Each structure stands twice: as C-alpha cells, then as structure tokens.
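A short worksheet on the structure shown next.
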Amino acid sequence: MTWITDLPGTLPVFPLPGALLLPRSRLPLHIFEPRYLAMVDDCLKTDTRLIGMVQPNPRPEADGALHLIGCAGRVTQFSETEDGRYMITLAGISRFRITQEIEGFSPYRRCEVSWDGFEQDRKGPEQDKAFDRAAFLSLLDRYFTAHELSADWDTLQEADDELLLNSLSMLLDLSPEDKQALLEAPSLATRRETLITLIEYDLRGGEEDLMQ
C-alpha cells in the first residue's frame, strides 16, 4: 500500500452511489463520462494522484448535496481502451470530511476537505480482537445461500480481519445508505458490528419494517 504523508486540502470528488472505498482496500472503476475522464486526466498530473469517493445524499431536500464523509484513493493502475474509456484502480488512503464545495469552471466537482479524526486510516491495518470468525462465516454462509451466491471459502478463512470485513463491506449488495454507515464506522469493530446487523436484517427479510 502507498502511504501519503502530505495530504492535500482540496480533492476532486467522484459521487458514485453504492461505490464504497475503504482505507487499505482497492476499488476498480470504469470511467467513461467526459467530465470524469477530465478528472482522471487532471488527477494523473498531480503528485498524490488522489480522487475522493463520496456518496450523493439521497434525501429529496438535499438537492445534489453530498455526504460529508468520503474516502480518498490513489490511482495505482490505469489503462485506456481503444474507444477512449479509462479503467483505473484506486487504493484507499484515508477518509476525509468535506468542509466546503469549491465553485468554479471545472467540469467535475471539487471540495475542500479535512483529514482530522481519521488518523487511524493512515496507520497499519486495524485489529478486531472481539471478532468471532467462525460465527461470522456461518452467518455469511446463510447470507450467500439465501442470495444464491458462491464464494471462495478458503480465501475468506485465510484473509486477515480487516481485509475480510472491508472487502465484504465493499462487495456485498447493500444500499448506498448502508454503505455510508459502513464507511463512517469509527473502528473496524464497529464496522463489523454494523455489517453483521445489516446481514441479519437482510436474512430476516426486512420484517422490522412490516412490524412498524
């Protein structure tokens, strides 16, 4: 993983519903809209090559607003197709908080950001000492069976705690708001607790809504 010590005060942001990037994780992206092609072009000219992944705020009254917390990723892989599309991979560096959107003539959105409060993201992998892997994998097996999904169980069993929990947070078919909750979890343990809650709720078929 590439570590960046001099984080910029502004970032280009990519509002993509349901696309979750977490620190020390990797997110492949297919870029084809002209404004985001321009964003990648400009990003590759910078020293840090950072792009901020954020979730649009879905509330009707938000009117194009973004969630305040996102995650910055460094472009670590880049290729161009014959018809001009880009295939890139972002390596998650750190979460950030949007302090202000920058008005201007850029075709893509840019924001002033703060990195305060996310120092752990820029350290080594987190540990989750209370993680009951056997119970979690049993729950995950039920989820995969219910959704008729297959998995490489040997890989899941061998992955370290952070890689396992973060990869599932990014890959499972969850709503954008659920993804945002996983992003904002203050620690790996709370992300694990949130993920378990979401999986259990899914397995219950949303019966809580029916009881309200």
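None of the figures in this text is laboratory data; all of them are computed from the coordinates on show. Everything numeric in this text was worked out from a predicted model, so none of it was measured. Don't worry about glycine lacking a Cβ; one is built from the backbone with ideal geometry, like all the others, and counts go over all protein chains shown.
Counting only DSSP beta bridges with both residues in the chain, the antiparallel share comes to about 90 percent.
For the stretch 98-113, backbone phi angles converted through the Karplus equation (6.51, -1.76, 1.60; θ = phi - 60°) give residue-by-residue couplings of 6, 9, 6, 8, 8, 7, x, 9, 5, x, 10, 8, 10, 9, 7, 9 Hz, Gly and Pro being listed as x. Which GluC sites (Glu not before Pro) in the stretch 66-142 pass both tests, a DSSP loop state and at most 14 other beta-carbon atoms within 10 Å? Listed in order of number, the matching sites are E82, E103. Once Rh is set to the Kirkwood radius over Cα pairs, what Stokes-Einstein translational diffusion coefficient, in µm²/s, holds for the stretch 133-207 at a temperature of 4 °C and a viscosity of 1.567 mPa s? Rounded to a whole number, D works out at 102 µm²/s. For I93, the residues whose amide H sits under 5 Å from its own are R24, A72, G73, R74, ignoring neighbours fewer than 5 places away on the same chain, with H placed 1.01 Å from N. For F14, nonlocal amide neighbours, meaning residues 5 or more places apart or on other chains whose placed amide H falls under 5 Å from its own, are G52, M53, V54. The rule of thumb for compact globular proteins, 2.2 N^0.38 Å, goes into the C-alpha radius of gyration of the stretch 10-122 1.03 times. Sites listed here are chymotrypsin sites (Phe, Trp or Tyr not before Pro) in the stretch 1-103 whose DSSP assignment is loop and whose Cβ has at most 14 other Cβ atoms within 10 Å: W3, F32.
Please report the relative contact order for the chain, taking Cα pairs under 8 Å with a sequence separation of at least 6, and give it as a percent rounded to a whole number.
In percent, rounded to a whole number, it is 23.
Our coupling estimate for the stretch 190-203, obtained by passing each phi through the Karplus curve with A = 6.51, B = -1.76, C = 1.60 and θ = phi - 60°, is 6, 5, 4, 4, 5, 5, 4, 4, 5, 5, 4, 4, 4, 5 Hz, Gly and Pro reported as x. Converting phi to 3J(HN,Hα) with the Karplus coefficients 6.51, -1.76 and 1.60 and the offset θ = phi - 60°, the stretch 179-187 yields 4, 5, 4, 5, 4, 7, 4, x, 8 Hz in sequence order, with x at every glycine or proline. Among the GluC sites (Glu not before Pro) in the stretch 137-182, those placed in a DSSP loop whose Cβ has at most 16 other Cβ atoms within 10 Å are E148. Just to be sure I follow the definition: excluding the sites themselves, where is the longest run in the chain that has none of the trypsin sites (Lys or Arg not before Pro) in a DSSP loop with at most 15 other Cβ atoms within 10 Å? By the stated rule (loop sites, at most 15 other Cβ atoms within 10 Å), 130-203. At R0 = 45 Å, how high is the FRET efficiency between D47 and A159 if r is their beta carbon distance? Nearest 0.05 is fine. With R0 = 45 Å, the Cβ-Cβ based efficiency is 0.90. Shown here: the chain, whose C-alpha atoms stretch 50, 40, 40 Å along the first, second and third principal axes, sorted largest to smallest.
Across L137, L50, L66, mean-square fluctuation computed from a Gaussian network of the chain (C-alpha pairs under 10 Å connected) peaks at L137. Taking amide H as placed 1.01 Å from N in the peptide plane, L66 has its amide H under 5 Å from the amide H of N57, each at least 5 places away in sequence or on another chain.
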